[in-house]
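Data block below; observations after.
The values are calculated or read from the model by the stated rules, or taken from the named source; none is laboratory data. Since we're looking at a predicted model, the values are computed, not measured. Cβ placement follows ideal geometry from the backbone for every residue including glycine, while neighbour counts extend to all protein chains displayed. Each accessible area value is taken on the protein alone, full model and side chains, heavy atoms only, with ligands, DNA and RNA left out. Shrake-Rupley method; radii C 1.70, N 1.55, O 1.52, S 1.80 Å.
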There are 2 protein chains.
Amino acid sequence: MSLIVTIGREFGSGGRELGRRLSEELGIAYYDQEILKEIAEKTSLSENYVREIIEKRPFASYPIHIGRTMHPMGNPIMDQTALIYQQQSETITELAEKSDCVIVGRCADYILREKNPLRIFVYADMEYKIKRCKDRAQEGEQLTDKELEKMIKTVDKNRARYYDFYTGNDWGDRRNYDICINTTNISIKDCAHALAQLIKTFA
Amino acid sequence: MSLIVTIGREFGSGGRELGRRLSEELGIAYYDQEILKEIAEKTSLSENYVREIIEKRPFASYPIHIGRTMHPMGNPIMDQTALIYQQQSETITELAEKSDCVIVGRCADYILREKNPLRIFVYADMEYKIKRCKDRAQEGEQLTDKELEKMIKTVDKNRARYYDFYTGNDWGDRRNYDICINTTNISIKDCAHALAQLIKTFA
């Protein structure tokens with residue numbers, strides 16, 4: 001049986017690092033930014049634009065206005081958004097069919113639900129996330145704690161909105177995951193081995 | 001530093017079995033029913049009555065009516081409820097001070113919050129919980145799936161109400177825990193070793 005691990009994560013929680021380390025521990029492929037590149041190629045949109053749509057674009061008015069839109073020819077930005085989600089689904093499905101893998105973000109847990117992925121959600125206390133963002137900031141990119149907190153909340157709000165919109169589920173609600181792990185009091189490096197062993201015990 | 005593991009769990013998820021197996025893997029004490037016995041002794045109430053209060057009694061009217069109660073001498077049942085919670089807190093604190101341990105349920109994560117316990121929440125899909133309850137039912141105690149589902153929901157509703165009332169937090173909300181684990185697709189016996197290793201990596 002194939003092993004597909006999906007990682008949902010709060011911004012600044014270290015979910016991406018944990019995903020990468022898990023893929024190393026499990027000896028399987030790791031997909032994150034590669035998915036954006038692939039979608040950009042397939043849609044002829046720029047990678048930055050694809051990222052913008054997936055990670056930052058609000059969707060609130062889409063489901064309400066559809067069918068009674070003021071644009072009888074369709075809304076071109078919303079068409080692109082739907083196109084990107086469709087390409088994302090196809091790309092993620094293709095990657096998961098190619099080999100065992102870890103996939104970070106992008107509703108992969110939902111897109112691959114028929115393949116029974118092992119669904120992980122990574123989160124942490126706000127204080128920890130702020131510290132982690134600060135430690136990783138480039139020179140000249142230093143934000144205050146308050147600015148970082150605002151940024152973290154905005155990113156996660158958009159992630160939740162995107163996820164909820166496409167899946168109909170609640171982003172970060174434990175019931176949608178197999179393991180939820182709080183990274184506030186762990187070293188991600190140290191826990192990856194044990195977590196990989198735990199993953200192997202799932203059917 | 002001491003190792004205290006607290007287990008919150010949905011009824012039928014196998015949280016109690018997981019707690020017991022974790023204590024064996026970690027070589028530390030395990031407390032569950034012992035706490036009820038201890039409280040019963042200290043309060044001179046029967047163990048069944050203590051269990052009834054902790055696991056089944058609804059609390060809805062307590063915080064609303066207090067201060068404008070129709071019982072100017074106090075409400076004796078509510079006094080007993082508060083007494084039991086106080087004894088529970090004392091007992092759990094004493095046990096945690098005696099040695100490293102796993103404690104199941106009873107708001108232990110909150111009561112021991114200053115000792116930084118490793119807080120686990122165990123849950124599962126309804127179908128799994130029904131099956132697990134059926135497999136463990138005594139002869140003559142067989143309920144239908146529908147009856148079991150109703151029973152599971154009632155027990156968990158009471159647990160949530162009790163927890164939320166005394167802690168001010170949301171029972172089962174991942175943010176109150178370090179690890180949330182869904183037992184639907186695992187063998188509890190097989191995962192306990194890896195989970196114990198994962199616990200050891202927490203600070």
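May I ask you to list the residues in segment B:172-182 that are at the interface with another protein chain (Cβ under 8 Å from one of its Cβ atoms) and either among the small types (Gly, Ala, Ser) or in a helix (DSSP H, G or I) (or both)?
Within segment B:172-182, B:172, B:174, B:175 meet the criteria.
Looking at (1) touching a residue at least 12 places away in the same chain (Cβ under 8 Å); (2) under 19 Å from residue A:121 (Cα atoms), which is the only condition residue B:175 fails?
(1)
How many residues are closer than 23 Å to residue B:133 by Cβ and more than 7 Å from chain A (Cβ to nearest Cβ) when one looks only at segment B:188-203?
Final tally of qualifying residues: 3.
Residues in segment B:35-51: is at least one over 25 Å from residue B:201 (Cα atoms) and touching a residue at least 60 places away in the same chain (Cβ under 8 Å)?
Yes, that holds for at least one residue.
Would you call residue A:125 in contact (Cβ under 8 Å) with a residue 40 or more places away in the chain, closer than 24 Å to residue B:120 by Cα, touching a Leu at 6+ places or on another chain (Cβ under 7 Å) and within 11 Å of chain B (Cβ to nearest Cβ)?
no
Output the residues belonging to segment B:128-175 that are of a type in the set (S, T, N, Q) and touching a helix residue (DSSP H, G or I) at 6+ places or on another chain (Cβ under 7 Å).
B:158, B:167, B:169
Mind listing whichever residues of segment A:107-122 are in a helix (DSSP H, G or I) and within 14 Å of another protein chain (Cβ to nearest Cβ)?
A:109, A:113, A:115
How many residues are in contact with an Asp or Glu (Cβ under 7 Å, 6 or more places away or on another chain) and β-branched (Val, Ile, Thr) if we restrict to segment B:174-194?
Qualifying residue count, segment B:174-194: 2.
If I filter segment A:191-203 for residues that are outside any helix (DSSP H, G or I), small (Gly, Ala, Ser), in contact with a strand residue (DSSP E or B) (Cβ under 9 Å, 6 or more places away or on another chain) and open to solvent by 50 Å² or more (accessible area, probe 1.4 Å), do I get at least one hit?
yes
Considering only segment B:114-137, I want to know if a residue exists there that is open to solvent by less than 60 Å² (accessible area, probe 1.4 Å), more than 15 Å from the chain's Cα centre (by Cα) and at pLDDT below 90.
yes
Looking at B:100, B:170, B:79, which is the one that is acidic (Asp, Glu), surrounded by 15 or more Cβ atoms within 10 Å (Cβ to Cβ) and at negative phi?
So the residue among B:100, B:170, B:79 that is acidic (Asp, Glu), surrounded by 15 or more Cβ atoms within 10 Å (Cβ to Cβ) and at negative phi is B:100.
Being at pLDDT below 80 and of a type outside the set (Lys, Arg) narrows it down to one residue among B:36, B:26; which is it?
Unique residue meeting the criteria: B:36.
For every residue, the table says whether it meets (1) in contact (Cβ under 8 Å) with a residue 60 or more places away in the chain; (2) part of a helix (DSSP H, G or I); (3) more than 7 Å from chain A (Cβ to nearest Cβ).
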| position | (1), (2), (3) |
| --- | --- |
| B:134 | no, yes, yes |
| B:141 | no, no, yes |
| B:154 | no, yes, yes |
| B:160 | no, yes, yes |
| B:170 | no, no, yes |
| B:184 | yes, no, yes |
